[in-house]
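S.K.: I have a structure here, written as structure tokens, and I will follow up with some questions on it.
Readers should treat all values here as calculations from the given coordinates under stated rules, not as data from a laboratory. The model shown is predicted, which means the values in this text are computed figures rather than measured ones. Neighbour counts run over all protein chains shown; Cβ positions are idealised from the backbone, glycine included.
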Amino acid sequence: MSRPDAPALLAFGHVLRTHPWIGPLLARWSALELPDAWLSGSALAQAWWNHRFGFAVTHGIADLDLIYFDGADLSAAAEAAQASRIGACFGALPVALDVKNQARVHQWYAQRFGRAIAPYRSAREAIATFPTTAAAIGVQAPGARLRILAPHGIDDLLRPRVRANRVRVSAALYRRKTARWRALWPQLTILPWAEGRGEPEAGPAASAHSNGSTNR
């Protein structure tokens, strides 16, 4: 895994800090009051693609994925309460916030996607299974500097290049997802499934990453 390009990494942080949807959330990070919380997923990559390819800053971004890890309360009610509180706190943002406790994903994954998974042990472990290496990333802003979590590195995101993370996503879903992305960002480099990273888990083909999304 190569070292990230420092100027590009700084530019990526600037894009996030100044983004009209992402920036306000990062600026008020302490208001979240969630354990092991990360802004994660495709929206981060898409904000960068928009910067690199000259699109409007919100082009193609459906929502923002906010994940956290609370192993002390795995109830759906607690997750819904946190989502409601965060939604009210950031109600001025003109974009949906998808708030999910990664500690409870294993409780609903089999019913929704037809296969059982082991419980995650941290938000990092959940992010590491997201469908593409470019979107398997999390950021948080506990202070003046951004903290970036990238289990598969950040090189693919910065290039920008899309590569399958084959551990949990199916080939069919990867192709559907990247077809949508290719239509929205025609200049994006999308690698074929065969050039993905990791080997698929045993069992039925996976369907989505751990916030349940299939359409971003």
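S.K.: Listing D156, D73 from the residue with the fewest other Cβ atoms within 10 Å to the one with the most, what is the order?
M.R.: Details: D156 24, D73 13.
In order of increasing Cβ crowding within 10 Å: D73, D156.
S.K.: Compute, for region 6-195, the length of the dipole vector about the Cα centre, with Cβ point charges of +1 (Lys, Arg) and -1 (Asp, Glu) only. Units Debye, rounded to 20.
M.R.: Result for region 6-195 is approximately 580 debye, rounded to the nearest 20.
S.K.: Shifting gears a bit: For a quick check of your reading of the filter: which trypsin sites (Lys or Arg not before Pro) in region 101-139 sit in a DSSP loop and have no more than 12 other Cβ atoms within 10 Å?
M.R.: Here the sparse-neighbourhood loop sites are R121.
S.K.: Net charge near R147, counting Lys/Arg +1 and Asp/Glu -1 over other residues with Cβ under 14 Å of its Cβ?
M.R.: Once positives and negatives cancel, what remains is +2.
S.K.: Right, next: Run the helix sum for the chain: -39,500 (n - 2.57) per DSSP H stretch of 4+ residues, divided by residue count, reported at 222 nm to the nearest 500 deg cm²/dmol. Can you show the working numbers first?
M.R.: Values: 8 runs with 77 residues, N = 216.
Taking each H run of at least 4 residues, the total per residue is -10500 deg cm²/dmol.
S.K.: A further question on this structure: State the answer as a single residue: which of V99, W21, F53 lies farthest towards the positive end of the charge dipole of region 6-195, with beta carbon charges of +1 for Lys and Arg and -1 for Asp and Glu, about the Cα centre.
M.R.: Value computed over the given set: F53.
S.K.: Another question about this same structure. Here are several values of semi-axes √(5λ) of the Cα gyration tensor in Å: [x] 53, 19, 12; [y] 36, 23, 14; [z] 24, 23, 15. Which one was derived from the coordinates shown?
M.R.: Recomputing semi-axes √(5λ) of the Cα gyration tensor in Å here picks out [z].
S.K.: Moving on. Could you work out the local net charge near R166, counting Lys and Arg as +1, Asp and Glu as -1, over the other residues with Cβ closer than 11 Å to its Cβ? Intermediate results must be reported in sequence, preceding the final value.
M.R.: Numbers: positive: R163, R168, R197; negative: E195, E199, E201.
Its environment carries a net charge of 0.
S.K.: Now for a different question. Counting other beta carbons within 10 Å of each residue's own, what order do H152, H59, H51 fall into, fewest first?
M.R.: With the fewest neighbours first, H152, H59, H51 line up as H59, H51, H152.
S.K.: Considering only C-alpha atoms, what is the centroid distance from region 1-75 to region 104-126, in Å?
M.R.: The two parts, judged by their Cα centres, are 22 Å apart.
S.K.: What does the extension gain come out to for S122 and A92, with contour length at 0.36 nm per residue minus their alpha carbon separation?
M.R.: Length gained, S122 through A92: 7.8 nm.
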